[in-house]
Amino acid sequence: MSVDPSLKPRNETDHERLDRQLIEMLQGFRVAITGVQVLFAFLLTVPYAAGWDRIDETGRILFFVTLFGAALASICFSAPVFQHRILFRMDQKEALVRRANRLGIWGGLALAVSISAATTLIMETLTTAWASILTAIGIVALCGWLWFLQPFRDRIRLIRRVAARPALEDLTSVE
């Protein structure tokens, strides 16, 4: 849902707004993908490291979840860049912004899974099963809250506030 144009603080055309949104989104992806690429590169070396043979079946499953989560996050965060290049000057910016937003959310979910599984793998290797489970729950909860639940809650509040505003204005305009 979009916000009522009268509540927008910027005085920009639809094209200027789409340009700004795409640039802001790509900048955010640039930050996220750097972390994903570092994690992904590290993961590619893990099976060749000394000690890999000591990883149990649970650890190997966690490794593959981490690896595929990082790969999916990398794909999701980089896809809008390539789509923008292919659709350049085709008047598809609105679709690109909408698609990039969805891909960013999917990339964030994949990154949360990857970070959680990687941290759990390390904790499972170094400590007890309970410590690794508590770590996994903590990381999932933190990513879930900060990346998804808190902003979604704020979005719902803002939508409700905007929806209630015309009703309040109608009540105050009665003489």
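Some observations on this one:
- Residue check for residue 147: modelled with pLDDT of 90 or more, more than 24 Å from the chain's Cα centre (by Cα) and not small (Gly, Ala, Ser): no
- Among the residues listed as 31, 46, 36, the single one being within 15 Å of the chain's Cα centre (by Cα), assigned to a helix (DSSP H, G or I) and surrounded by 15 or more Cβ atoms within 10 Å (Cβ to Cβ): 36
Quick grid of which residues meet (1) within 29 Å of residue 41 (Cβ to Cβ); (2) surrounded by fewer than 13 Cβ atoms within 10 Å (Cβ to Cβ); (3) in contact with a helix residue (DSSP H, G or I) (Cβ under 8 Å, 6 or more places away or on another chain):
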residue: 119; (1), (2), (3): yes, no, yes
residue: 126; (1), (2), (3): yes, yes, no
residue: 143; (1), (2), (3): yes, no, yes
residue: 159; (1), (2), (3): no, no, no
residue: 162; (1), (2), (3): no, no, yes
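So that you can scan it fast, the table gives a plain yes or no per residue for (1) surrounded by fewer than 19 Cβ atoms within 10 Å (Cβ to Cβ); (2) free of Cβ contacts under 8 Å to residues at least 40 places away in the same chain; (3) not basic (Lys, Arg):
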residue	(1), (2), (3)
69	no, no, yes
87	yes, yes, yes
95	yes, yes, yes
116	no, yes, yes
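- Boolean, residue 81 is among the β-branched types (Val, Ile, Thr), surrounded by 13 or more Cβ atoms within 10 Å (Cβ to Cβ) and at pLDDT 95 or above: no
- Any chance residue 35 is in contact with a helix residue (DSSP H, G or I) (Cβ under 6 Å, 6 or more places away or on another chain) and not aliphatic (A, V, I, L, M): no
- Taking first residues from the stretch 139-154 that are within 14 Å of residue 109 (Cα to Cα) and touching a residue at least 12 places away in the same chain (Cβ under 8 Å) and partners that are hydroxyl-bearing (Ser, Thr, Tyr) and part of a helix (DSSP H, G or I), the Cβ contacts under 8 Å between residues at least 6 apart in sequence or on separate chains come to 139/116; 139/119; 139/120; 140/116; 143/116.
The values are calculated or read from the model by the stated rules, or taken from the named source; none is laboratory data. Predicted model, so just to flag it, every value in this text is computed and none were measured. No Cβ is skipped: glycine too gets one built from the backbone with ideal geometry, and neighbour counts run over all protein chains shown.
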